[in-house]
């Protein structure tokens, strides 16, 4: 991480003045967004450029400031974090209006409830059950040992990211950040 920040700062200050002036804000945003220990919130010099960015986002016709010298354009955005271990991302059930079409907003897994025991019969109207912690279980039929579990996919605290290529080339690091004031 320090190597990436060092590389970007050397690159930014070694460019001709007119190019550095044109992309200075974008490079400040990139340097601050790439800071992760502490995040940009904990770096006093990052407050002015990031607060300027947050304010500019609210205006019509906003154009993201870029830093071509740092090899980064506009950031990416990932709303959801990874599912817990053993779970896989899946689309929401459109009948229940959880999320937008095609959005992988839930996590799912298949559970075998029998594990050597006899199966438990369920009435057809009891095919779906929700646990206290919000996990929905869907039984495939009245005599099945297996059921699917679904839960809401966790949201990322830092949904924006920049992919920054290392100074040695060949590898890219993803740096997540947030835009909360």
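The values are calculated or read from the model by the stated rules, or taken from the named source; none is laboratory data. Note that the structure is predicted; figures quoted are calculated from it, not measured. Here the Cβ is made from the backbone with ideal geometry for all residues, glycine too, and neighbour counts use every protein chain on show.
Within the range 74-94, residues that are loosely packed, with under 13 Cβ neighbours inside 10 Å have Cβ atoms under 7 Å from residues that are not in a strand (DSSP E or B) in these pairs: 74/64; 74/66; 77/159; 79/156; 79/159; 94/101, counting only partners at least 6 apart in sequence or on another chain.
Here is a check on your reading of the model: is residue 89 out of contact with any helix residue (DSSP H, G or I) (no Cβ under 6 Å at 6 or more places or on another chain) and at pLDDT 85 or above?
Values: out of contact with any helix residue (DSSP H, G or I) (no Cβ under 6 Å at 6 or more places or on another chain): yes; at pLDDT 85 or above: yes.
For residue 89, the condition - out of contact with any helix residue (DSSP H, G or I) (no Cβ under 6 Å at 6 or more places or on another chain) and at pLDDT 85 or above - is met.
Listed by position, the strands (runs of 3 or more DSSP E) enclosed by the range 111-181 that each have at least 1 residues that are in contact with a helix residue (DSSP H, G or I) (Cβ under 6 Å, 6 or more places away or on another chain) and at pLDDT 85 or above are 160-165, 172-177.
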